[in-house]
């Protein structure tokens, strides 16, 4: 019997996140450590304390810069049903 390689269902080793995305997450984490990372669009919210939120902010900033980042998972939204006018 010839030795055949079993193909895994995983794709080839392509990067899921770009290097730039990693850098922006890293900078967001260091800003959280210093206490300068803040919530909200203009940064007028409170300080970010959770690690997960710091990562989310970093990825969001990377998306805005155009780095390769997978789309947000987010909640499923229902399609707006057309109401009958009558």
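The values are calculated or read from the model by the stated rules, or taken from the named source; none is laboratory data. Everything numeric here is computed off the predicted structure, so don't read it as measured data. Here Cβ is always computed from backbone atoms with ideal geometry, including for glycine, and neighbour counts include all displayed protein chains.
Please count how many residues of the range 44-77 are closer than 14 Å to residue 18 by Cα, free of Cβ contacts under 8 Å to residues at least 24 places away in the same chain, part of a loop (DSSP other than H, G, I, E, B) and more than 8 Å from the chain's Cα centre (by Cα).
1
Within the bounds of the range 29-36, is there any residue that is modelled with pLDDT of 90 or more and outside any helix (DSSP H, G or I)?
yes
Note down all Cβ pairs under 8 Å where the first residue falls in the range 10-23 and is on the phi > 0 side of the Ramachandran plot, the second is exposed (fewer than 10 other Cβ atoms within 10 Å of the Cβ) and modelled with pLDDT under 90, and they're at least six residues apart or on different chains.
Matching pairs, first to second residue: none at all.
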